[in-house]
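The values are calculated or read from the model by the stated rules, or taken from the named source; none is laboratory data. For clarity, every value in this text was computed on a predicted model and none was experimentally measured. Positions of Cβ are backbone-derived with ideal geometry, glycine not excepted, and every protein chain shown enters the neighbour counts. For the accessible areas, the whole protein counts, side chains as well, though only heavy atoms, and no ligand, DNA or RNA atoms are used. Shrake-Rupley method; radii C 1.70, N 1.55, O 1.52, S 1.80 Å.
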Amino acid sequence: MNSPKAFHKIINELCVEKNIKQNPISYGWITELKKNGISKHIIDNRLDLNSSNSYIIAGDKFATYEVLKSHEIPTIEHRIIFNPQTRSKYYKNKFLNDAKKLLEENESKVVIKANSSCQGKDVYFCSDAISVEKTVNKLFEERNDTLSACPYVDIEYEYRAIFLCGEILYVYKKKKPYVIGDGKSKIKELIYKKFSNDVKLDISENLDLDKIPTESEEVSISWKHNLSGGAEPILVDETDINLSKIKEMAIKAGNALNIKFASVDIALTYNQEILVMEVNGSVCMNKFTELVPGGYEIAKGIFSKAIDQMFKENK
């Protein structure tokens, strides 16, 4: 599943195994699945399981935050900023000022992101009022309707829990991109040796690329945990002391959104706080299957259960 073709390979295999007929329509954008007189649809990698409302909430980071907060689920604060091109100009100044206040409240560390962003795209770290306003203007020029300003949280690991109808099917965690020093090479040289050109690294702005780390010294090179941006997936088992809490919070988050099939991202901070970050209505395991031994079979097992549930909805 390291490409859309691989996702369809999994679906093709499952349809053969489950005696499901496929009918690609709308130039392949939609795949109709038929079994026992029941029709279901896949759009991109979105299965026909979630309601439109749960998709909309999960697809908007601020809306997700508001729902989680209303259910008293620990989460990272979001403050909304409206695009003055689609809303009254009053909104931009009012909410932009709220974003700038976050700088004072959080040691000049703020994250600005598009509410519809995914895979770490359109997410920026800002350390002063000028960079906040510049980032906001940039994202609005790219036709984002709303943004969120969040306090920067120093995250040790980001957990991802796969949720299906009130149960957790699988959990793994992600470690920020890093390099290991050899006592001779600069950080930029270590990055070049470790990461291929297709990895979209988002290197921390305060990182000294000319520094030479000591031998065996580990250096984090990004503040993000996206697998497509060089983060490392780590398998989680029952020895992980946080696993039960992660599962409990992921189930609460999924149920709060009334969503049926989703991935729930949960942050473990360096001071051991556990906070729900977001809920994704489209379950994506692209890089996971590429980077984890046996990852393709793990993903296939997850989608197998989701497809079974999808057809069960009509029974």
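Table for the structure above
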quantity	calculated
Cα-based equivalent ellipsoid, the chain: semi-axes from gyration tensor eigenvalues, Å	33, 26, 19
Heavy atoms of Leu169 accessible to a 1.4 Å probe, total area in Å² rounded to 10	50
The stretch 105-164, dipole about Cα centre (Lys/Arg Cβ +1, Asp/Glu Cβ -1), debye to the nearest 20	240
Of all accessible heavy-atom area on the chain, the percent that carbon and sulfur account for (1.4 Å)	48
Selection of GluC sites (Glu not before Pro), the stretch 90-119, meeting DSSP coil and at most 14 other Cβ within 10 Å	Glu107
Electrostatic dipole magnitude of the stretch 19-134 [Cβ: Lys, Arg +1; Asp, Glu -1; Cα centre; debye, to 20]	420
Lys, Arg +1 and Asp, Glu -1 on Cβ, resulting dipole of the stretch 47-194 about Cα centre, debye, nearest 20	600
Efficiency of FRET between Glu142 and Ala6 - r from beta-carbon atoms, R0 41 angstrom, step 0.05	0.90
Cut-off 15 Å, label 7 Å out along Cα→Cβ of Ser185, residues of the stretch 196-229 by amide N	196-197, 209-221
Centroid-to-centroid separation of the stretch 49-88 and the stretch 191-236 [C-alpha atoms, Å]	30
Relative intensity, log₁₀ I(q)/I(0), of the stretch 118-157 from a Debye sum that treats every alpha carbon as a point, q = 0.21, 0.23, 0.24 Å⁻¹	-0.74, -0.86, -0.92
Top positive-direction residue, dipole computed over the stretch 143-292 with Cβ charges, set Leu275, Ile241, Ala256	Ala256
Signed unit charges on C-beta, dipole axis of the chain, positive-most listed residue His41, Pro74, Pro84	His41
Accessible solvent surface per residue of the stretch 152-294, calculated while the other protein chains remain in place, 1.4 angstrom probe, Å²	48
Helix 4-17 axis, angle to the chain major axis (alpha carbon atoms, nearest 10°)	30
